[in-house]
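**Student:** Provided herewith is a single structure, encoded as structure tokens, for subsequent inquiry.
The values are calculated or read from the model by the stated rules, or taken from the named source; none is laboratory data. Computed from a predicted structure; not experimentally measured. For neighbour counting, all protein chains shown are included, and Cβ atoms are generated from backbone atoms with ideal geometry for every residue, glycine included. Surface accessibility is based on the protein's heavy atoms, side chains included, excluding ligands, DNA and RNA. Shrake-Rupley method; radii C 1.70, N 1.55, O 1.52, S 1.80 Å.
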Amino acid sequence: LAERNPGVKAFEWVPAVSAADRAAVESALSREQGRPMEFTERDATGRLVRAPARPEYYPIRYAEPVAGNERALGFDLKAGPTLGALERARQTQQLALSSQVRLVQEDQAQRGVIMIWPVYRVAPGALAGGTGGPVTFRGFVQAVFRVQDMLEATRARTWSPASILDMLFVDEAEP
């Protein structure tokens with residue numbers, strides 16, 4: 001996927017984590033990363049700090065590639081700028097696209113957009129008209145795009161008449 005999509009900064013797994021499961025997930029993340037890890041968010045000055053207690057978290061659990069995305073691991077999207085898009089994806093069970101946001105994994109104020117896919121566990125028999133158990137929300141898969149890289153990759157491609165693709169980039173924040 002990354003090779004076919006040169007503008008992608010990362011693919012991420014963002015589980016929904018209850019307050020009761022926070023310590024276990026932080027512990028597992030610490031073991032996996034070989035260093036102490038905790039759920040984080042940005043404070044008023046923009047520094048990453050420990051996320052306060054809340055009923056549910058959306059921490060970035062995995063990122064591929066890890067290199068260059070280490071800072072994103074553990075970042076709690078419940079306090080992030082894409083929360084509206086995440087909740088929209090969760091409620092509609094459809095793909096959502098964030099507006100342009102500052103990427104947590106970047107040192108500079110690099111802007112990006114996030115494609116968000118909600119993930120559900122479907123109980124056996126719940127599909128094909130069955131009367132099986134519930135559909136349970138699990139989290140999100142995200143594709144993180146740097147806006148500058150995405151536009152450059154699109155511009156740099158050589159298109160053949162058979163593979164013409166019309167693209168329209170709209171920033172809803174702009175008048």
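**Student:** Can you find, within segment 88-125, the residue that is modelled with the lowest pLDDT among those that are among the small types (G, A, S) and open to solvent by less than 30 Å² (accessible area, probe 1.4 Å)?
**Tutor:** A123
**Student:** Can you give me the ranges of the strands (runs of 3 or more DSSP E) entirely in segment 36-102 with at least 3 residues that are farther than 19 Å from K9 by Cα?
**Tutor:** Where strands (runs of 3 or more DSSP E) fall fully within segment 36-102 and carry at least 3 residues being farther than 19 Å from K9 by Cα, they are 40-42, 48-50.
**Student:** Also, I was wondering about something else. In segment 57-82, what count of residues is obtained for those that are closer than 17 Å to V113 by Cα, open to solvent by 60 Å² or more (accessible area, probe 1.4 Å) and among the aromatic types (F, W, Y)?
**Tutor:** So the count comes out to 0.
**Student:** Within segment 15-35, track down each residue that is part of a strand (DSSP E or B) and crowded, with 17+ Cβ neighbours inside 10 Å.
**Tutor:** Across segment 15-35, the qualifying residues are P15, V17.
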